[in-house]
Amino acid sequence: MITLYHNDMSVCAAKVRTALAEKELKWNGIHLNLRAGDAQKPEYIKLNPNAVVPTFVHDDKTIIESTVICEYIDDTWPEIPLKPLDSWGRAQMRLWTKQLDEGVHAAVGALSFCIAFRHQWLEKSGEDRARWLAGIPQADRRQRSQSILELGLASPYFEPAVRRYEKLFDDFEATLGHRPWLAGDMFSLADVGYAPYLARLRHLGLNILFDRHPLVLGWSQRVASRPSVQDGINRWFNPKYLSLFEEKRAEAKAAVDKILR
Ligand SMILES: N[C@@H](CCC(=O)N[C@@H](CS)C(=O)NCC(=O)O)C(=O)O
């Protein structure tokens, strides 16, 4: 029995849903509304002390951290493998997934908040915002969220996040010059891991990155054409978020292009 605490637009949750879809596993979902502070409720914090989604529950075992959850899924249901069979390939895969946890995810959080999500919070009361900020357990994440709420695209977190993706796309391009998937000849948890980020960057108007990296563009199309990506990512897109991205994209695109030009 699998239960996933998740959110429709969360990139980390989308990563886990994609891994589950690749494995053709059935699961029960409990959807959290992050803008209502569901991830900060005391009952949820008992499962996930970081106050974030996803949280994966398999029978009596609770697992947090999307990268760890994806590895757990692959280890527990190995029939359709998502890890390269050789140790060199697995090392390559983990070098990619490690980067997500060491800055790439935080950078998409900064971009998403500067460009779009900030506006959802600004529509709420000052009290709601203060309660949400106070409920963020990690001091660095709290500080970043506060700066972005106040300053938006002028926040000092914006430009470094754009530059982190520029570097990432350069690294992708170099790797994809000699293999079809990030970790080698097979689609792996590395490709699963980045799939929701590719979609998010498009939503946020960072198209210039794809335009400048033709091999990444081809890979992103191969990733997007997998049924698991449709099932784990695209079919969850929330129309309210899509219209917010649409509304903010031109301004974001201009700010990004200015940094990268
Ligand atoms: N390292 C964590 C990061 C999880 C994370 O940051 N989740 C975000 C959504 S993608 C979240 O729940 N944010 C809570 C909020 O916005 O209040 C993981 O990979 O599971």
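Scan the range 45-64 and tell me whether some residue there is of a type in the set (D, E), more than 12 Å from the ligand (Cβ to nearest atom) and on the phi > 0 side of the Ramachandran plot. Yes, the range 45-64 contains a residue that is of a type in the set (D, E), more than 12 Å from the ligand (Cβ to nearest atom) and on the phi > 0 side of the Ramachandran plot.
Residues in the range 182-192 that are touching a residue at least 40 places away in the same chain (Cβ under 8 Å) and in contact with a helix residue (DSSP H, G or I) (Cβ under 7 Å, 6 or more places away or on another chain): 7 in all.
For P42, the criteria (1) in contact with a Gly (Cβ under 6 Å, 6 or more places away or on another chain); (2) surrounded by fewer than 22 Cβ atoms within 10 Å (Cβ to Cβ) hold in every case but one, which is (1). Going by the conditions given, is I30 out of contact with any helix residue (DSSP H, G or I) (no Cβ under 7 Å at 6 or more places or on another chain) and within 21 Å of N238 (Cβ to Cβ)? Spelling it out, I30 is indeed out of contact with any helix residue (DSSP H, G or I) (no Cβ under 7 Å at 6 or more places or on another chain) and within 21 Å of N238 (Cβ to Cβ).
Note on the range 170-192: residues that are outside any helix (DSSP H, G or I) and on the phi < 0 side of the Ramachandran plot amount to 11.
P137 falls short on exactly one of the conditions (1) outside any helix (DSSP H, G or I); (2) closer than 21 Å to P214 by Cα, and that condition is (2).
Being away from the ligand (no atom under 11 Å from the Cβ), small (G, A, S) and modelled with pLDDT of 95 or more is true of G126.
When S155, S145 are checked against the criterion of being within 30 Å of A254 (Cα to Cα), buried (at least 18 other Cβ atoms within 10 Å of the Cβ) and away from the ligand (no atom under 15 Å from the Cβ), S155 stands alone in meeting it.
Going through (1) closer than 23 Å to R164 by Cβ; (2) within 11 Å of the ligand (Cβ to nearest atom); (3) in contact with a Leu (Cβ under 6 Å, 6 or more places away or on another chain) one by one, C114 falls short only on (2).
Filtered by the rule that a residue be more than 12 Å from the ligand (Cβ to nearest atom) and either touching a residue at least 40 places away in the same chain (Cβ under 8 Å) or assigned by TED's automatic domain parsing to the domain that holds D191 (or both), the range 20-44 gives L20, A21, E22, K23, E24, L25.
The values are calculated or read from the model by the stated rules, or taken from the named source; none is laboratory data. Remember, it's a predicted structure, so these values are computed and weren't measured experimentally. All Cβ positions, even for glycine, are placed from backbone atoms using ideal geometry, and neighbour counts span all protein chains on display.
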